[in-house]
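Each value in this text was obtained by applying a stated rule to the coordinates, not by laboratory testing. Quantities reported herein were computed from a predicted structural model and do not represent experimental measurements. Please note: Cβ atoms are built from the backbone with ideal geometry, for glycine as well, and neighbour counts cover all protein chains shown.
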Amino acid sequence: MFTSAVVGLAVAVFLASFVEFVEALTIVLAMGMTRSWKSAWAGTIAALVALAAFTAAAGYALATWLPEAALQLVVGTLLLIFGLQWLRKAVLRSSGRKSLHDEAEEFREQTEAARRAGRQSRFGLDWFAFVVSFKGVFLEGVEVVFIVITFGLSAQNMPVAIVGAAAAGLLVVVVGVFAHGPLTRVPENTLKYGVGLLLATFGLFWAVEGLGVLADGHHSLDWPGGDWALLVLLAAWLLLSRVLVVALGRPAAAADPAAVGAPRVTEEV
């Protein structure tokens, strides 16, 4: 059934995974185009194998060791912390206190590092390209795994979470193949803002439900309005974040007289 919670779950996992896959693709493309495609793909495949094992172990441990309410409290709290980190960076970028993420610049930095690195071959592979690709895909993938597991287990709907992440990964690969380069036109900063809002919303929702583990019966608490409370929480986080953007943006402009009248960097919409 396509309830508001299921739709929100799919959208949140898809967007969060999409952002992570875009960053991983940039690293792999930089290694493949400047060093060795064979080594870059080998590092990517090795990272995916390691991620599959990590996902199975982490998912089994959480689902087996914790009762439902405790699981919601633990993963909801972790998800809330994770989401607030994303939201904090988004607020700083929107207010001009932090530079916007530039995928083209990231690609240039990766390619320059690849060109400067020495040549060292192991097992018939360019070791630098292999290790950098493995590290990039694995680290970005761990965040995707974390999102899939926390969302899937808390919502008791792992299939939707897995499909959302898989769809995001497939879309990034397909678009990357046709673009023949990093996805610089993706409004990544805006996506990260939205993802931060969604992660904080679901994290708070499930963390509060999980507080029932501390009460008699150890059952999950229910929000007034059920899943529709998610929309209220999302609106509250959005309002709070916009207030912070305005509050943080004013002192920065007032502190620098030269900045008055100058164009201000804003996120894409």
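3J(HN,Hα) along segment 194-206: x, 5, x, 4, 5, 5, 5, 5, 5, x, 5, 4, 6 Hz, from the Karplus curve 6.51 cos²θ - 1.76 cosθ + 1.60 with θ = phi - 60°, whole Hz, x for Gly and Pro.
The phi-based Karplus calculation (6.51 cos²θ - 1.76 cosθ + 1.60; θ = phi - 60°) puts the 3J(HN,Hα) values of segment 29-35 at 4, 4, 5, x, 6, 10, 10 Hz, whole numbers, x for Gly and Pro. Here the peptides 243-249, 163-169 are ranked by packing, the mean other Cβ count within 10 Å, and the order with the highest first is 163-169, 243-249.
Evaluating 6.51 cos²θ - 1.76 cosθ + 1.60 at θ = phi - 60° for every residue in segment 40-56, the Karplus couplings come out as 5, 5, 5, x, 5, 5, 4, 5, 5, 5, 5, 5, 4, 5, 4, 5, 4 Hz, glycine and proline recorded as x. Taking packing as the residue-averaged number of other Cβ atoms within 10 angstrom, the listed peptides 46-58, 150-162 run from highest to lowest as 150-162, 46-58.
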